[in-house]
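Heads up: the structure comes next, in structure tokens.
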Amino acid sequence: MRFYSYGPDGKLDVIHKKITEYQKPHIFPIKRIRKYMEERTGMNYEISESMLYDLDLILNVIQGGVFEIPKKRGWSLERNHIFPRSILEEKGFPDELINSVGNFRYINKTRNILKSNDLPDESTEFYGSDDPTLKDLFMKARDNLTEETFRNFVQKRKELIMSRVNEFLGFSK
């Protein structure tokens, strides 16, 4: 049975079939679909750095996703600058560095309000904080906040995020 019209929508029929016929019911067949799309379109499907600007999508991927947000006051998730924007702006750091995906995380609204514009402490949680190299760069930036130390932290975290998103999407090389 066809669910979509002919032409470009025909690809959706093939993709639908690949999903429904996949033998592992709780695993999405991203590699099979990627292979089909690459063969069909002649395009290479991989994530590029420019895709990291969809912050909500990227933060959801690296932080494990959110299935449902309880309708409780103060629980909603907000984007949060790990190193506060106001402090970085005061030091004259460029906007593209301040607002890099490497300086963002999701936290609940109440925690974000309480955090205010305080610099992070050594126990601050963020994706990649368990990586020894990133943790070291984080501590260097926290203890001696210069554009160079901050850039090193943001760049390394961005690399880890890119790697995680590639893995999640089945684009690992």
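Out of the residues in segment 91-138 that are buried (at least 20 other Cβ atoms within 10 Å of the Cβ) and of a type in the set (Gly, Ala, Ser), which is nearest to residue 59 (Cα to Cα)? Filtering segment 91-138 for residues that are buried (at least 20 other Cβ atoms within 10 Å of the Cβ) and of a type in the set (Gly, Ala, Ser), the one nearest to residue 59 (Cα to Cα) comes out as 102. Of all residues in segment 77-90, which are surrounded by fewer than 15 Cβ atoms within 10 Å (Cβ to Cβ) and not in a strand (DSSP E or B)? If the condition is that a residue be surrounded by fewer than 15 Cβ atoms within 10 Å (Cβ to Cβ) and not in a strand (DSSP E or B), then 86, 89, 90 are the ones that fit. Can we say residue 44 is polar (S, T, N, Q), outside any helix (DSSP H, G or I), at pLDDT 70 or above and farther than 30 Å from residue 144 by Cα? Criteria met by residue 44.
Give the number of residues within segment 1-22 that are at pLDDT 75 or above and surrounded by fewer than 10 Cβ atoms within 10 Å (Cβ to Cβ). Qualifying residue count, segment 1-22: 2.
The values are calculated or read from the model by the stated rules, or taken from the named source; none is laboratory data. Keep in mind the model is a prediction, meaning the values are calculated, not measured. Note: ideal-geometry Cβ built from the backbone for every residue, glycine included; neighbour counts use all protein chains shown.
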